[in-house]
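Participant: Okay, handing you the structure first.
The values are calculated or read from the model by the stated rules, or taken from the named source; none is laboratory data. Fair warning: this is a prediction, and the values are worked out from it, not measured in the lab. Because the Cβ atoms are built from the backbone with ideal geometry, glycine has one as well, and the counts that use them run over all protein chains shown.
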């Protein structure tokens, strides 16, 4: 029987051996009736015939004789030589005609297609081949398809793939590659979906990432997507974090490219409730088909959802069982308050507050804000004493002003604005930031571990207050100055300067070497450093992330890694944590920071090692070049007043934009130490039987912590609060299922994100 070079996408013979891991997964999804883009497989038999017909294998093996796993340069040299062999080789007539016929049967003339590599050892449970082979998007015409197929075949012999097979004892003579050709979905949006929460392990939640354009922007780490947590059973939205999506990957005549997202779309939620519910339905169907939680890639075009890949989730945390509680249904303000809003500082408190932060942390915030506002207004008592309040566990900005307060603010508004913006940069750089860092460094250099529990709690409170003082300084000058200057530049540019062919305004504010970019580059460099040691690379790619973190923390050297290599990389990783491990996205100090939970960082390193992430230094350089070219083009065209306006307002916006990013990155500087302090006290409480584990301290209230610390110092016994803590965790979980209204009273009614919610 003649070998089959082509198989329809859903063909029963499309299994791992014939079409590789990616192809087999797509075939299975298609046979299950899921919305998979149509296409066909070019089987491993076609690859083997191509190699044999061109007598490539003996030459490949000869080249590999000079490849040494301990010398990465030799692997890359071997790869380049093999790639050249594939480039010069000819596709046999039988295979070429079979591909041409299959391509012609797809609907349309010169139909754009995605051409994806699919390795025979890909996606095996014990090995990870992800990212080692190529994918080509928006390929049009049979000649371009033939070239893309050859490049996919050649990608079986990248330096990384050769090294990985050597490390795992895979016979280089036995490997083969299949190719999947699918209709190219002109995706307006795309993303990744997890049928279980990859951070908490909850199997009743689905986590969706979504961004504009093709999914490569997310997979390549080029854009921060929206994150949606949905209820697995109902499909209702439980939580949404809408990201500012600056770039997207789009189709072009030559292939694909990155473009700036239109300003009116950057902060718009990608998926509405109906599409989330539809995605959840598809996800449940896929998980039921496979029987285990799945990592799914999806896209959307013309209001139709498509599934383009599904694989098992790796390293899913163990789910913690908690009692079920009904979520509150009414949003009632505390006594004395008549208006509350979720804006300003509350934007960094997206979730319900944990009990300790709701008391100790919120107390620090209110003290700090009262001091700050007294400076702005020139007198105390101009705002409610409790500026940040809570409703159903969520933080709200208390706008309940008395008539006399409103009159005083209006009469003093000019002076207030002058005090707020005068010397904003100097106030942050010369005063607030140094004072915050000095407070943290003073506690770090002290022998605080020898203090009593009460004194340590006082220290934690001081650190919390110092962090809010710093954030308040940013809110009072740098952040609004950045926002206003960006808005003003955008207005001037769009109204008086921009032509239709000119880039959008955000292009002129991208590409600066801000702290978040520096942190991303540091992670990428960590991955590149690991790549120089094949044994370390193989271990990081194969071992569970939780195991890697444990060995990094516990001074263990993995048995399969050279100790010197491990120690060097461990030192580099710790250096990254020391410099960037304080990054926070939520003011609630119950949330771990990278310094004490580096799992996301290791996952990012794995992504870079697998080849799925773009080099952030190159991304920044590209953005900086685009900014410089766009600026030069405008300045060469303008004259007179318009040129002065452009240069003046651009300079102001470019001055504040990077400073805002740097400042926000510093807010969590004291959080690693603050959490360490509370963990030490929590350890004492756990030993005394008050709580089950040290982190349960975050589920106690400030007065309970202070009372327990005082009793502990007096040598008194402590009664267990485990049952109370469990109830509080259940209440927090129920509250987290709510979507809090942006204001109370709810001046703009919004639809409930989940059936049964009322406002």
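Participant: In the stretch 32-68, how many residues are under 14 Å from residue 159 (Cβ atoms) and surrounded by 16 or more Cβ atoms within 10 Å (Cβ to Cβ)?
Facilitator: 4
Participant: Something else: For the stretch 571-595, how many residues are closer than 17 Å to residue 551 by Cα and buried (at least 16 other Cβ atoms within 10 Å of the Cβ)?
Facilitator: Of the residues in the stretch 571-595, 5 are closer than 17 Å to residue 551 by Cα and buried (at least 16 other Cβ atoms within 10 Å of the Cβ).
Participant: Among the strands (runs of 3 or more DSSP E) confined wholly to the stretch 159-272, which include 1 or more residues that are more than 30 Å from residue 62 (Cβ to Cβ), free of Cβ contacts under 8 Å to residues at least 40 places away in the same chain and not assigned by TED's automatic domain parsing to the domain that holds residue 617?
Facilitator: It comes to 205-212, 226-231, 247-251, 256-260.
Participant: Just wondering, is there one or more residues in the stretch 467-477 that are more than 30 Å from residue 371 (Cα to Cα), touching a residue at least 24 places away in the same chain (Cβ under 8 Å) and buried (at least 19 other Cβ atoms within 10 Å of the Cβ)?
Facilitator: no
Participant: Among what's in the stretch 430-461 and is within 17 Å of residue 474 (Cβ to Cβ) and in contact (Cβ under 8 Å) with a residue 60 or more places away in the chain, pick the residue that is surrounded by the most Cβ atoms within 10 Å (Cβ to Cβ).
Facilitator: Ranking the candidates gives 436 first.
Participant: Return a yes/no flag: does the stretch 560-571 have any residue that is within 21 Å of residue 513 (Cβ to Cβ), without any contact (Cβ under 8 Å) to a residue 40 or more places away in the chain, more than 16 Å from the chain's Cα centre (by Cα) and not in a loop (DSSP other than H, G, I, E, B).
Facilitator: No, the stretch 560-571 has no match at all.
Participant: Counting only residues that are within 24 Å of the chain's Cα centre (by Cα) and surrounded by 15 or more Cβ atoms within 10 Å (Cβ to Cβ), which one in the stretch 623-660 is nearest to residue 491 (Cα to Cα)?
Facilitator: Taking the candidates together, the pick is 657.
Participant: Related question: Quick one: which residue in 100, 76 is modelled with pLDDT of 85 or more, surrounded by fewer than 18 Cβ atoms within 10 Å (Cβ to Cβ), under 14 Å from residue 42 (Cα atoms) and assigned by TED's automatic domain parsing to the domain that holds residue 20?
Facilitator: 100
Participant: Something else: Name the residues in the stretch 220-240 that are within 11 Å of the chain's Cα centre (by Cα) and within 15 Å of residue 736 (Cα to Cα), would you?
Facilitator: 227
Participant: Considering only residues that are touching a strand residue (DSSP E or B) at 6+ places or on another chain (Cβ under 9 Å) and over 14 Å from residue 147 (Cβ atoms), which ones fall in the stretch 96-116?
Facilitator: 98, 101, 102, 105, 106, 107, 108, 111, 112, 114, 116
Participant: Mind checking whether some residue in the stretch 108-117 is part of a helix (DSSP H, G or I) and modelled with pLDDT of 90 or more?
Facilitator: The answer is no, given that none of the residues of the stretch 108-117 is part of a helix (DSSP H, G or I) and modelled with pLDDT of 90 or more.
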